Amino acid sequence: MKIITKKILLFVIILIYGFVLFSQTINSKKTVNHVKCPYVNDDIRQAFSNRIINIKDTYSSENFEDLEFLKEIIGNKRYVFLGESNHYVEEYSAIKERLIKFLHQEMGFDVLLFESDFFNCNTSYLICDSISTSEFLNNSIYNIWHTDVNYDLFNYIKKSKDSKNPLCFSGFDIKKSNITDNRLLYHYYQNYLKPKDFTEFIALDTGINSYFNAVILNKNSKEYHSELCQNLTDRCIKLLNSINTYKANKEREVFKHIIQNKIYLLNIIRQAHNNPQKYNVLRDKYMAENIEWFTKKIFPDKKIIIWAHNQHICDNPDLGKYIPEVPSMGHNISEKMKEQSYVIGLFGLKGSEGWKKHDVNYMKKNSLEAVICRTENEISF
């Protein structure tokens, strides 16, 4: 497995709705006090002096004594969102793995939804007991998370599946997420679908994924043809009508939603082939719709963990100068769901995040980052 980075010296996790945070120094031989932190006045330092909790462990430890305080803070919330400021940080995954195990083992959260394709994640989980952990990982989530830490997490999910306390797994994104083809996943539906429907499903899945990549991801608007887009949409609707004749059960609802996600992709192609910003708007909208669908149709009585980028999980009607006028996924979810949610974001304070490098000098005086910089904790909440 590849490891993306081990260079982070410090990061911060901040509760977006409730204003609480974590921080961490990865190298235990280098505490925060070895760097020159920005100035913090006495009033601000005093205001935070009794609000910072020391977390003892980062990696893999299943002694959760230092996380017990989260039980009171999260309380009876049904959803916990776990964010990250950059996908290219192995340490973020390490902290999330430990939080997920704590939430699963100690707080009754038994579903993990990932920022990756619904079809890939859902189907990989359905067959995970008959494939290797590497195949489970590689056929489900985006390759940016194909790391040692997440291999361990997926091994944990796989082993839990047949236990008395399984951690169910799926994805809520709308675009193909794995770097492999989907042949391994198609086999699951061969016995479920009628031969004609099975052949049509494979043709639609491969064709729409390729079309989406060409027009939207590769930003080649010349590949867009309205007739083709309409033809593929009509074929999806026809397949949905055929699936509606199958026995009504949860499996039918899941498969119908797989086709619905293909229609989402075609809607994005139609509306965003010459407007890249529209892609961001629709992607967050459809991700929110997928999460709401899960909570109502598949896991109506479950407590759910949701893994995504900070920009997706925040409740923000405008993601700012980088993606203006784009409501986040967290903004699109229902008010009822927001009331039942506890949201945590991870932020880098000092070190490298993929192509980004954070230095202590970027922090402003009297900032929250400056306060955290002055702690001696390896991890702070």
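Between residue 230 and residue 106, full extension at 0.36 nm per residue minus the direct alpha carbon distance yields a gain of 39.8 nm. For region 196-308, rounded, prolate or oblate, judged on the Cα gyration tensor with a ≥ b ≥ c (square roots of eigenvalues), a/c < 1.5 rounded, else prolate if a/b > b/c? In terms of gyration-tensor shape, oblate.
Projected label points at residue 339 and residue 71, each 7 Å from Cα along the beta carbon direction, are separated by 2.7 nanometres. Just list whichever of 176/278; 175/302; 238/302 have alpha carbons separated by over 30 Å in the model shown. Listed pairs above 30 Å: 238/302. Straight distance only, please: which aspartates and glutamates reach the Cα of residue 365 with their own Cα at less than 19 Å, same-chain residues fewer than 8 apart left out? Within reach: 42, 43, 376.
Taking 21 Å as the limit for the C-alpha separation, the pairs 256/296; 256/285; 159/338; 96/161; 77/336; 71/303 exceed it in the case of 159/338. The label-point distance for residue 49 and residue 271, in a model that sets each label 7 Å from Cα toward Cβ, rounds to 5.3 nm. Could you tell me whether region 146-196 comes out rounded, prolate or oblate from its Cα gyration tensor? Rule is a ≥ b ≥ c as square roots of the eigenvalues, rounded for a/c under 1.5, then prolate if a/b exceeds b/c, otherwise oblate. Since a/c reaches 1.5 but b/c is at least a/b, the shape of region 146-196 is classed as oblate.
The figure for residue 229 is an accessible area of roughly 0 square angstrom, using a 1.4 Å probe on the protein chains alone. On the beta carbon distance between residue 63 and residue 165, with R0 = 22 Å, the FRET formula returns roughly 0.75.
Rolling a 1.4 Å probe across the protein heavy atoms gives the chain an accessible surface of 45 Å² per residue.
What is the percent carbon and sulfur in the accessible area of the chain, measuring with a 1.4 Å probe over the protein chains and ignoring ligands? Looking at the chain in its full context, I get 49 percent from C and S. For the pair residue 187 and residue 251, label points projected 7 Å from Cα toward Cβ lie 1.7 nm apart. In a reduced charge model with +1 at each Lys and Arg Cβ and -1 at each Asp and Glu Cβ, the chain shows a dipole moment near 500 debye about its Cα centre. For region 241-309 and region 103-153, what is the centre-to-centre distance using only Cα atoms, to the nearest Å? Value for the Cα centre distance between the two parts: 18 Å. Taking the chain as a Gaussian network, Cα atoms linked when under 10 Å apart, which of 50, 280, 332 shows the biggest mean-square fluctuation? Looking only at 50, 280, 332, the biggest GNM fluctuation is shown by 50. Counting only cysteine Cβ atoms and a cutoff under 4.7 Å, the chain contains unmatched residues 121, 128, 168, 229, 236, 314.
The values are calculated or read from the model by the stated rules, or taken from the named source; none is laboratory data. Since we're looking at a predicted model, the values are computed, not measured. Virtual Cβ from ideal backbone geometry, glycine too; neighbours counted across all protein chains shown. To get the accessible areas, we keep the full protein, side chains included, count just its heavy atoms, and leave off ligands, DNA and RNA. Shrake-Rupley method; radii C 1.70, N 1.55, O 1.52, S 1.80 Å.
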